[in-house]
Amino acid sequence: MISEISYLTSINKKTKRLKNMENIQISEYGTTDKEENVKKYTLTNKNGMTAEIINYGAIVTSLTAPDKNGNYEDVVLGFVEPQDYFNQNSYFYGAIIGRFANRIANAAFQLEGKNYHLTENNAPNHLHGGKEGFFNKVWIAEVLAETEIPTLQLTYESPDGEEGYPGTVIAKVFYSLTDDNELIISYEAVTDRATIINLTHHSYFNLSGRFTESITDHELQLEADQFIPIDTFSIPEGRFQDVEGSPFDFRISKLLGKDIDTENEQLKRANGYDHCFVLTGSGMRRTGTLYHPESGRKMEVFTDQPGIQVYTGNFLDGKHTTKTGGKNMVRTGICLETQHYPDAPNQINFPSVKLFPGEKYQTKTIYKFSVEEK
Ligand code: BGC
């Protein structure tokens, strides 16, 4: 006979399952050149906020957030046509980046006494996991039925030797949308041989909801006393530099446009901000805030990672039509990529990014949206 407790548990599970299925709608998205069917998963919370995610590249194709008048608008850059994600997402719009986010110098590293050579897709370096990385792959999607918050699980198995990396890696990304207007991204990975790992998310945010407008009118605040200077190939010079007295000081909220065009060798090298900031503290913590005064939209970033790459869309080139019309011009989106430090496998001063069999890589980042009127 079924006990009262297990009966109640099974009712609870059923209720959660129904709730999760109701809050995540599934629809057809498109077909790739390899005849792979891609689906779109729309997560909706009780306020009407939505996140649209496709199981190609685990890409967030749309994310809405409220302004001071309660209007929900899309705040992430993206393509209009599915084929553009499938064929030419050279901007990494909205994608999960793996196996290693950011650059690896000369597309090479040593691990356990062996030399590895990776795809050189940003000559002479390796960028964002290579030519196809994780962003040009179909992931297996599953709506998790029994989680407290409706969650979409995406899984990708990266074979041994892919893009030059050792070991078969199984990576999982979990997207959840809470009723507190938080997009939670949790990552997990395991391997069958020693390898390196550094996963991140590459949405370009524009809190104005107008994708032709520059993000220089947004304010940014970062919990970072130091940043990592880069050489002319955007590879870390291997040292940390104090932000004090430089355009890299975001300890107090400041307009992105305030110092972006000042005479500064580091800014010139990247045509704007494209640098990793060294986050203070450790564990899950609030690490920064992006704010758009006109709309009142605010986005806080929480993470357990040691760094955040601030990239002000310096290489957006106007080649594509945006979702609200017009072209995707330079500096019309900002990426806040939580991660381990760039080129860590080659930098002795940086924390380890190694993953061994029997270990589990686990990390979490939250983008939380709210409204503030100043
Ligand atoms: C990097 C940039 C790169 C861009 C490509 C960013 O994460 O920091 O250097 O050009 O991705 O979209």
Among Thr64, Ile308, Thr324, the residue whose Cα sits farthest towards the positive end of the charge dipole of region 4-371 (+1 at Cβ of Lys and Arg, -1 at Cβ of Asp and Glu, taken about the Cα centre) is Thr64
Expressed as a whole-number percentage, the relative contact order of the chain with C-alpha contacts under 8 angstrom and at least six residues apart is 17
For 164-175, 111-122, ranked highest to lowest by mean beta-carbon neighbours within 10 Å, the order is 164-175, 111-122
Residues meeting the amide H criterion for Thr151 (H placed from the backbone, H to H distance under 5 Å, 5 or more places apart or on another chain) are Leu144
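Sorting check: for 93-104, 264-275, 233-244, which peptide has the highest mean count of neighbouring beta carbons within 10 Å, and how do the rest follow?
In decreasing order of mean packing, 93-104, 264-275, 233-244 become 93-104, 264-275, 233-244.
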In region 165-262, taking the dipole from +1 charges on Lys and Arg beta carbons and -1 charges on Asp and Glu beta carbons about the Cα centre, the listed residue (Pro236, Gly167, Phe205) farthest towards the positive end is Gly167
Between Thr287 and residues 5 or more places away or on another chain, the pairs with built amide H atoms under 5 Å apart involve Val301, Phe302, Thr303
Checked against a 27 Å limit on the C-alpha separation, the offending pairs among Lys19/Lys131; Lys172/Lys319; Lys268/Lys327 are Lys19/Lys131; Lys172/Lys319
Result for the chain: accessible area per residue, probe 1.4 angstrom, in square angstrom, of 41
Distance in Å, no decimals, from the C-alpha centre of region 52-68 to the one of region 150-181 is 16
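Pop out the carbon and sulfur fraction of the accessible area of region 4-371 as a percent, whole number, probe 1.4 Å.
C and S atoms contribute 49 percent here.
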Magnitude of the Cβ-charge dipole (Lys and Arg +1, Asp and Glu -1) of the chain about the Cα centre, nearest 20 debye, reported as 520
Summing -39500 (n - 2.57) over every DSSP H run of at least 4 residues in the chain and dividing by its residue count gives a helix-only mean residue ellipticity at 222 nm, to the nearest 500 deg cm²/dmol, of -2500 deg cm²/dmol
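The values are calculated or read from the model by the stated rules, or taken from the named source; none is laboratory data. These numbers come from a predicted model, not from an experiment. As a convention, Cβ positions derive from the backbone with ideal geometry for all residues, glycine included, and neighbour counts pool all protein chains shown. Calculation scope for accessible area: heavy atoms of the full protein, side chains included, ligands and nucleic acids excluded. Shrake-Rupley method; radii C 1.70, N 1.55, O 1.52, S 1.80 Å.
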